[in-house]
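Participant: If you scroll down you'll find the structure; I have some questions about it.
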Number of protein chains: 4
Amino acid sequence: MSTTEKRHIDPERALVRRKQVLDAAAACFGRSGFHGASMAEISKAAGMSAGHIYNYFDSKDAIIAAFVEQNVERVSQLMRDLEQQADPLQSMVDDAPRHVNEHLDPNTWPLALEISAESARNPKIAEVVHDADVRARLQFRAILKAARERHGLPTDDFTMDGLVEAMICLFQGLDVRVVHNPKLNEPALSRYMSIAMKAMLFS
Amino acid sequence: MSTTEKRHIDPERALVRRKQVLDAAAACFGRSGFHGASMAEISKAAGMSAGHIYNYFDSKDAIIAAFVEQNVERVSQLMRDLEQQADPLQSMVDDAPRHVNEHLDPNTWPLALEISAESARNPKIAEVVHDADVRARLQFRAILKAARERHGLPTDDFTMDGLVEAMICLFQGLDVRVVHNPKLNEPALSRYMSIAMKAMLFS
Amino acid sequence: MSTTEKRHIDPERALVRRKQVLDAAAACFGRSGFHGASMAEISKAAGMSAGHIYNYFDSKDAIIAAFVEQNVERVSQLMRDLEQQADPLQSMVDDAPRHVNEHLDPNTWPLALEISAESARNPKIAEVVHDADVRARLQFRAILKAARERHGLPTDDFTMDGLVEAMICLFQGLDVRVVHNPKLNEPALSRYMSIAMKAMLFS
Amino acid sequence: MSTTEKRHIDPERALVRRKQVLDAAAACFGRSGFHGASMAEISKAAGMSAGHIYNYFDSKDAIIAAFVEQNVERVSQLMRDLEQQADPLQSMVDDAPRHVNEHLDPNTWPLALEISAESARNPKIAEVVHDADVRARLQFRAILKAARERHGLPTDDFTMDGLVEAMICLFQGLDVRVVHNPKLNEPALSRYMSIAMKAMLFS
DNA sequence: CATGAATGAGGATTCATTCAT
DNA sequence: GATGAATGAATCCTCATTCAT
């Protein structure tokens, strides 16, 4: 649950070490998946002995959990960025190409599916993922609600529930799409993403 | 590449046996994931010895591949159903609640994410998945194209590329959504799915 | 708890295999102790792969438990032998040299202390050992009681409690003695064992 | 063989440190056994870093050896106490309940079996234990011999060999008994211990 | 065809020990 | 003196795969 697990004399160094491990894990997980990546592989990538990793993480599962937690936090940042926009609704419609491009970048989010799949059968991971999803939805909902009020659009619960879910659904679908069709026509997809989003956000 | 079939005295019986294994695998994969399911688990579920499975499949990976191949075909059936509709475009908009409901049912399709995740790192699986995606896109595209022509809507390549990708994207996102938020507001989501689809299909 | 843990087609063969493992374990445990003996060591001694042992035992602890259980049952046999004697009391006094000799034989009971020590800190083993001790005490008590009644000696609970415990104590002390003084004067010890036993049994 | 002392700037302080470690080890060994106790556990209990312990002991085995050596000396003290008695023979018979009680107290001597078991397989420990046993026997023998002479009882070698071994045997059996039957009837056992001891000491 | 006994490589994890600071 | 970060060998255990029957 808590992020900092073990006591260390020099917490600064410990954090660096933890980050080393998580970065190494990211690479290995991307290459081999959570279960395909061995501790030996991770330790080599982290430049530290396998045994030593256990001074920073209780188990391989703890590494996976920490990795998921860390990655899942990235969404919050996206929300904060969105919040800064003058008109978040119009920004989203206009920035669709950029968002699509970011989502399709195989180096940024190759692990979204791994996380989702793992969460479907690992309760520990599911908890982390669900918590993060709750937070993201609340943030997103608040931003959308404020923006829609300014536009004089309805903001009742049913409306907001559907809007938030469908919008996120559209974006999360991107991670699946790029795996199924790595050569997809990005501009064309972006254009239709904009169309869908515009229809939803402004109705 | 294509499933390597082994020589058997009675090919009929062999097919039955293969199906037994694949059905068992489906159950085990759903419970434990591709890597979490052991051959022992599968063989018990298949009612046949672990060793004997190797008379029908070269390896566990071959079972996974065959399983993916078989399940990925499922989409074709959906396409054929859609083709039968008088007005496919309107049907899709109207049937959104049903489609959403089916996608969200954890008993129907719990393995979509597992397959996608595996395909992201296993080239053998990737090939199967990509091939299936190509076929599904072509079918879907043809259906949409014919329908849009009847509605007098544009059907140029760029338009069709974007429409097909975005529509599939929306549906594939559902598999992710339900894992991240198992308690999502289904009617609300369906309504916004309809809105998005209507905007895309008729523009 | 139950002795037979796993299902096998040929229970006969399985029993042989289990015995192979337990015999090998006996040798290794004697050489290196419960914790010093590795599964690799045991598997080599058993003439079977380490992995295969797990088809017959759930864990190393299960091997230890089975080993303890098996060895602890030996006491029952001693009781049955004793029961056959015409005058158990006099037999025990007279047979002291033989019993001492058996207890001191480093090949028969080198592991009694290992078992006792393990039971002092492993609850699973403690349970097995305590159960066996209860059974042995009850058997021994019944035999002594019947014999003492025939001799017209008191058999009240306090008397029987003390007699049983003190007699067993004397014998279990032998296992410790031989470790602390492997060259002890056996006939001399036997004689004093007889003296002590005679005093207790007939008073 | 004899404890290898390391050179230290302040030998006084070094001794204090060694004692810290041995006291900590006593607690840990009692809790987890010699092999179950880790250096980390011991170092935490000793309030000193794991690495630092190696300035005072060559290895974990050296700690075990030192611990055994230290604890094995305890018996000498008992002998000295016994020597002070006016009539050691009668004292032993009369004090049986107290001795039994002390032996059965799990806080006083929980490690006797651990030491005996270790000595059965670790030659280094065996040597320490054998030496201590020799010394204890000699002391005990001398005390008994003097007392028996005063009572006009025989004191030939064979007699003394048997008496000494059987008496120690009876007491060492207590450590085993209490592990096998923690709820044993202490007063009843004491009474029969007295009976046995009286018979041996005065015959 | 069918079994499941058997293998052995590879997995995560632990822990005594070393060493730079 | 004293620390604890770091190592790496060893441990228990799992599991895909083979093969005699």
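The numbers here are math on the coordinates, done by the rules we state, and not lab data. Only a predicted model underlies this, so the values are computations on that prediction, with no experimental measurement involved. With ideal geometry, Cβ positions are generated from the backbone for all residues, glycine too; neighbour counts draw on all protein chains shown.
Participant: What number, rounded to the nearest 500 deg cm²/dmol, is the helix-based mean residue ellipticity at 222 nm of the protein assembly as shown, given -39500 (n - 2.57) per DSSP H run of at least four residues and division by all its residues? Walk me through the numbers on the way to the answer.
Facilitator: Numbers: 41 runs with 621 residues, N = 812.
Result for the protein assembly as shown, helices only: -25000 deg cm²/dmol.
Participant: Could you work out, residue by residue across B:124-137, how many beta carbons of other chains sit within 10 Å of that residue's beta carbon, and then give the average as an integer?
Facilitator: Mean shielding by partner chains, rounded to a whole number: 2.
Participant: Any lysines with Cα under 24 Å of the B:K198 Cα? List them, leaving off those in the same chain fewer than 8 positions away.
Facilitator: Within the straight-line limit of under 24 Å, B:K198 reaches these lysines: A:K145, A:K198, B:K145.
Participant: What is the Rg over Rh value, at two decimals, for the protein assembly as shown, using alpha-carbon atoms and the Kirkwood definition of Rh?
Facilitator: Radius of gyration relative to Kirkwood radius: 1.16.
Participant: So if we plug the beta-carbon distance of C:S38 and C:I9 into 1/(1 + (r/R0)^6) with R0 = 25 Å, what FRET efficiency do we get, rounded to 0.05? Walk me through the numbers before you get to the answer.
Facilitator: Numbers: r = 29 Å, r/R0 = 1.18.
Plugging the Cβ-Cβ distance into 1/(1 + (r/R0)^6) gives 0.25.
Participant: A further question follows. For segment B:13-62, which chymotrypsin sites (Phe, Trp or Tyr not before Pro) are in a loop by DSSP, counting at most 16 other Cβ atoms within 10 Å? Please list the in-between numbers first.
Facilitator: Working: sites: B:F29, B:F34, B:Y54, B:Y56, B:F57; in loops: B:Y54, B:Y56, B:F57.
Those that pass, being in a loop and sparsely packed, are B:Y54.
Participant: Rg (Å, one decimal) plus Dmax (Å, integer) for the alpha carbons of segment A:61-201?
Facilitator: Rg, Dmax (Cα atoms, Å): 15.5, 47.
Participant: Report the net charge of residues surrounding C:Q85, where surrounding means a beta-carbon distance below 11 angstrom and charges are Lys +1, Arg +1, Asp -1, Glu -1. It would help to have the intermediate numbers written out before the result.
Facilitator: Numbers: positive: C:R80; negative: C:D81, C:E83, C:D87, C:D94, C:D95.
Once positives and negatives cancel, what remains is -4.
Participant: Next question. For segment B:88-141, what does the alpha-carbon gyration tensor say about shape, rounded, prolate or oblate, given a ≥ b ≥ c as the root eigenvalues, a/c under 1.5 as rounded, and a/b over b/c as prolate? Intermediate values should be presented prior to the final figure.
Facilitator: Values: a/c = 4.38, a/b = 1.47, b/c = 2.97.
Oblate.
Participant: Could you list A:D161, C:D156, C:D87 so that the one with the fewest beta carbons within 10 Å of its beta carbon is first and the one with the most is last?
Facilitator: C:D156, C:D87, A:D161
Participant: Next question. Can you tell me the dipole magnitude for segment C:48-158 around its Cα centre, using point charges on the Cβ only (Lys, Arg +1; Asp, Glu -1), in Debye to the nearest 20?
Facilitator: Its charge dipole is roughly 80 debye.
Participant: What are the trypsin sites (Lys or Arg not before Pro) within segment A:96-203 that DSSP puts in a loop, where the Cβ has at most 13 other Cβ atoms within 10 Å? Write down the numbers at each step before the final one.
Facilitator: Details: sites: A:R98, A:R121, A:K124, A:R135, A:R137, A:R141, A:K145, A:R148, A:R150, A:R177, A:K183, A:R191, A:K198; in loops: A:R121, A:K183.
The qualifying sites are A:K183.
Participant: Please compute the average number of Cβ atoms from other chains found within 10 Å of each residue's Cβ in peptide D:31-40.
Facilitator: Rounded to a whole number, the mean comes out at 2.
Participant: Membrane-span-like helices in chain A: DSSP H runs reaching 20 Å or more (Cα, own axis), mean Kyte hydropathy at least -0.5?
Facilitator: Helices meeting the criterion: A:11-36, A:60-84, A:123-150, A:157-180, A:186-201.
Participant: Hey, another quick one. Straight-line reach from C:K44: which lysines have a Cα under 28 Å away, not including same-chain ones fewer than 8 places off?
Facilitator: C:K6, C:K19, C:K60, C:K124, D:K60, D:K124
Participant: Sticking with this structure for a sec: For peptide A:157-165, compute the average count of partner chain beta-carbon atoms within 10 Å of each residue's beta-carbon.
Facilitator: Working: counts 2, 5, 3, 2, 8, 12, 5, 6, 14.
Going residue by residue through A:157-165 and averaging, the value is 6.
Participant: Taking A:K6 in one copy and the same position in all the others, each labelled 7 Å out along Cα→Cβ, what are the pairwise distances from the first, in nm, shortest first?
Facilitator: List, nearest first: 2.3, 3.4, 4.6 nm.
Participant: While we're looking at this one, here's another question. Give a quick list of chymotrypsin sites (Phe, Trp or Tyr not before Pro) in segment D:116-203 that DSSP marks as loop, anything other than H, G, I, E or B, with at most 15 other Cβ atoms within 10 Å.
Facilitator: Counting only loop positions with at most 15 other Cβ atoms within 10 Å, the chymotrypsin sites (Phe, Trp or Tyr not before Pro) in segment D:116-203 are D:F202.
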